[in-house]
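Only the coordinates and a few stated rules stand behind these numbers; no lab work does. All values derive from a computational prediction rather than experimental measurement. Methodologically, a virtual Cβ is constructed for each residue, glycine included, from the backbone with ideal geometry; neighbour enumeration extends over all protein chains shown.
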Amino acid sequence: MIAPYIKKKVDELWNRFWAAGLTNPLVAVEQITYLLFLKRLEDIDLKRQQRGLPSIYADNETCKWGYIRQEKTNPSHLINVVFPWLRELDKHFKPESDEPSELASLNNRMADAYFQLDPSKGKVLSDAIDAVDQLFARAGEGSAAQDIMGDTFEYLLSEVATAGKNGQFRTPRHLIRFMVELLDPEPSQRVIDPAAGTGGFLFSTQQYLMRKYSAQENLVLEWDGTPHRTDGAAATSEQYAAIHHGANFVGLDNDRTMARIGWMNLILHDLTDPHLLQGDSLSKRDGKPELARLMESETYDFVLANPPFTGTVDSNDLEKDSKIFPRAAERGKKKEDAITNKSELLFLWLMLDLLQVGGRCAVIIPEGVLFGNTDAHVRLRRELLTEHVVEGVISLPGGVFQPYTGVKTSILIFRKETRRDDKQTFTGTTAPRTEYVWFYEVEEDGYSLNAKRNEQPGQRNDLWDALEKFKAWLSHGREGAQRYEKTLLQPSFHPERWRLALLRDTADKLTPAGEAFAELPDTSMWDGQVWGIHELFPELPAIPRDAEEQIREAALQALAGLACRFFTPILQPLCRKWAKAKAAKKAITTEKAQTEWLKAIRVPQQDFNRAARDMHRFFEPEDGPALPMWKELVKEALSTALTFDESLNPETMASLPEQEPIADLAAEMAAIAREVAKLDGFDVMLRSPAVDQTRVLKATKHWVVPVRAWAQNEEWKSEDGQLTGSHAADGVVRPAYVEAMLAAGLYDDKGALKDDLLDPDCIEAREWNLSAGQYKPFDFTQLKSDKSVVQLIGELKTNEQRIISGLDKLLAMVEGRE
């Protein structure tokens, strides 16, 4: 979960740029990202100098963030000084250096970087720079600042409310993490996204590797799978370097602005030299050496992508390699034409080409790819199933890409098995490499499926179930797929309250809010990090509600006691006066007593309230839950101490021993306020690392379907006459029958499947259809009827006979026989 203060600052940035006239969301994102990148550059340069490399600011000191901050009311400084330098940033690196460079892949990508804020909007720039600085105030170096930088960028992207250009839109991060986990990469394995956008698949792969190689006892997962406290402690030095090495994370995007934003995103997520470039993955590579190098065939271990849906490409600009994109015909006019210009199909063929043998792909595709009946659709599915291994098809609910599109999509997972040079023309004379396909139907993904896509933490999320069942399918085949057929697997969830512990100011002194942590033995170890309040203060329960109840009860008792001790010396003289009047039989009316009471407490009550307001310095000023509680406790304490009671016994009050006035109200109140301030933070829902909870399902959510299954043929006999029937007694098809059918041929001269050879429910018999709903098992237990299944089938047969009889009669009438 992104901390509320980050959201607030990003919202402020967004609103300020919007009000200044930058109403194009992509432009606004780019301009804000420039500011984040410029701040990050100064940190990168410090690390370079520590390695003995020259500063990138040589003779350009005014381009440092520190100087930009001094000129924050002067947009002209950015426009006329900083950005001209930024556009030539490549020149500030020494090519003769053998040291790896964090920014070696700049590749002239900043050549058209311009700051587009109106020069007259100095106040807007000033507010924006202040907001960026406040985001990283006292976060220091290392993972804390890096996490904030990445979180800021991700939230910024999530706020883009329009789809952008050419069908580009942000893939939900929980789906990306899910797809990365399906593939389960290792360090040094290379991953490519040929439609990278802002680089979500690339940095999520790095994030997953950091999670995988972190100390598991420290790792924390949010309800949607977002990892926290990833330290890479379990990785070797080589593995850790590979996890951060940009050459292992390659991406291309056709839109230059999007590619630049994506590249800066990877830099902000601490990838060194990320290889995310501007380029059209499908286009010709002649004269484009960098594109050709990155798109080299069979060089990647993984492809992860969500390519553009339902688009078309310019066939004249399409890469002409026929081993990548099949030709429309083997001869004639169309022998040089690609079989299709549909982008979703071309990207899949490209992904196959990019993978090395054994490499795997997880890709989001529109549902039409799975059942489309054009030659290109059928040929692609046939190639995937016969020459490679389709590991699974995961059907996603229709609303996962709201509000951008309502297109129904699926995740296709496949493994490359055939080298590009070994491709064969399909004849049907050999068995498909894919024997069975695993299907899963996601109904809930943890978010509402309407346009708002509201988070639903702790509720049912089929993605966790799908991941566990997919692992069982990969590990144990059909036996594994049969496990948990009517069981939903889920992690356990629990809430915690976290806070960013910003304790010290720039002078290394505790801030007022930091005084709430004064009892910590070494505040420096906590400073600038996000912690659970139960970790900072072990006496508190981890569940926020329990912690609030514990603190509230103790604080109210202490604060009410303090109020009573504060007001008793003030009210005792008044009570003695009433006691004497009563002894002298001079009755005092209730109205008069109440008037005197209110007069006596008026100034002291103001002092008490003033002291209570001074305690606000211990609390988070924005969106913190502790301050409202403190204000409520103060009211309750005053109510307990000062409520005028007609039954008040002046004699008892007057007879109390003398109460010394409280010497230092602020000091005593501060001790109570510090306790309440421990509750500040923001609530998060966490999940257990293990999927350890089960629920009963009414209907199965996954099923396995054979690609090629032979229909029963009881009349077949082997040549020697010793075998009768295509299948043995145990239902398994006889090898001799298969051999005979393949020799005779499954397909006719026109490439059509011969009748009655294959089971009509297998994938090959349905034109290689991979739509999950086509094969979903029918569950008779879901029928809501008082009749038995046998009775229902009997009725269906009766109705069928009536329909056939009616059709026969109609045919006879048409033919004039009746």
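For Cα pairs less than 8 Å apart in space and 6+ apart in sequence, what is the mean separation divided by the residue count of segment 710-813, i.e. the relative contact order in percent? Could you put the intermediate results ahead of the total?
Working: 55 pairs, mean separation 16.2, N = 104.
Contact order relative to length: 16 percent.
Relative contact order of segment 544-683, please, whole-number percent, based on alpha carbon pairs below 8 angstrom and at least 6 residues apart.
Numbers: 120 pairs, mean separation 66.5, N = 140.
For segment 544-683, the relative contact order is 48 percent.
So how tilted is helix 626-642 from the main axis of the chain? Cα-based, degrees 0 to 90, rounded to 10.
Value to nearest ten degrees: 30.
Taking θ = phi - 60°, what integer Hz values does the Karplus form 6.51 cos²θ - 1.76 cosθ + 1.60 yield along segment 406-420, in sequence order, with x for Gly and Pro?
These are the phi-based 3J(HN,Hα) values: x, 4, 6, 10, 9, 9, 9, 10, 9, 10, 6, 10, 10, 5, 4 Hz.
Describe numerically, in nm with one decimal, the distance between label points set 7 Å from Cα along Cα→Cβ at Leu219 and at Arg602.
6.6 nm
Kindly flag which residue pairs out of Lys9/Lys212; Lys471/Lys698; Lys8/Lys452; Lys471/Lys701 have an alpha-carbon separation exceeding 25 Å in this structure. All intermediate terms of the calculation are to be shown ahead of the outcome.
Values: Lys9/Lys212 31 Å; Lys471/Lys698 22 Å; Lys8/Lys452 19 Å; Lys471/Lys701 15 Å.
Beyond 25 Å: Lys9/Lys212.
Under the Karplus relation 6.51 cos²θ - 1.76 cosθ + 1.60, θ = phi - 60°, what is the ordered set of whole-Hz ³J(HN,Hα) values for segment 672-678, x standing for Gly and Pro?
Once rounded to whole Hz, the list reads 6, 4, 4, 5, 5, 5, 4.
Check Asp445: other-chain or 5+ apart residues with amide H under 5 Å from its amide H, H built from backbone geometry?
Asp462
Using modelled backbone amide H atoms (1.01 Å from N, in-plane), which distant-in-sequence or interchain residues come within less than 5 Å of Ser410's amide H?
Those qualifying (amide H under 5 Å, at least 5 residues apart or on another chain) are Ile365, Glu367, Leu396.
If one takes the longest principal axis of the Cα atoms in the chain, at what angle in degrees, from 0 to 90 and to the nearest 10, does the Cα axis of helix 343-354 lie?
Helix 343-354 sits roughly 80 degrees off the main axis of the chain.
Taking the DSSP beta bridges in the chain as the whole, what percent of them are antiparallel, to the nearest 5?
Values: 45 of 64 bridges.
Antiparallel bridges make up about 70 percent of those DSSP assigns within the chain.
Can you work out the Karplus-derived ³J(HN,Hα) for every residue in segment 453-458? Use 6.51 cos²θ - 1.76 cosθ + 1.60 with θ = phi - 60°, whole Hz, and x for glycine or proline.
Whole-Hz 3J(HN,Hα) from phi for segment 453-458: 6, 6, 5, 10, x, x.
Which angle from 0 to 90°, rounded to the nearest 10, does the C-alpha axis of helix 173-183 make with the longest principal axis of the chain?
Relative to the chain, helix 173-183 is tipped by roughly 50 degrees.
So if I take the centroid of the Cα atoms in segment 570-645 and the same for segment 35-57, what is the distance between those two points in Å?
Spelled out, the Cα-based centre of one part sits 59 Å from the other.
Can you return the lysines within cross-link range of Lys284? Criterion is Cα-Cα under 21 Å, with same-chain partners fewer than 8 residues away left out.
Lys320, Lys323, Lys333, Lys334, Lys335, Lys342
Helix-derived [θ] at 222 nm for the chain: sum -39500 (n - 2.57) over DSSP H runs of at least 4, divide by residue count, nearest 500? Before the final figure, lay out each step's value.
Numbers: 23 runs with 323 residues, N = 818.
The per-residue figure over the chain is -12500 deg cm²/dmol.
Quick check on packing: order 28-34, 279-285, 483-489 by the mean number of other C-beta atoms within 10 Å, highest mean leading.
On the way: 28-34: 22.1, 279-285: 20.6, 483-489: 16.4.
Ranking, from highest mean packing down: 28-34, 279-285, 483-489.
Please state, rounded to one decimal and in Å, the Kirkwood hydrodynamic radius that the chain gives when every pair of distinct Cα atoms enters the mean of 1/r. Let's see the in-between values first.
Numbers: mean 1/r = 0.0313 Å⁻¹.
That comes to 32.0 Å for the chain.
Just want to confirm a number: the relative contact order over the chain, from Cα pairs under 8 angstrom separated by 6+ residues, in percent. Write down the numbers at each step before the final one.
Numbers: 1253 pairs, mean separation 87.8, N = 818.
Reported relative contact order: 11 percent.
Run the simple label-point estimate for Ala554 and Asp786 please: 7 Å along Cα→C-beta, distance reported in nm.
6.4 nm
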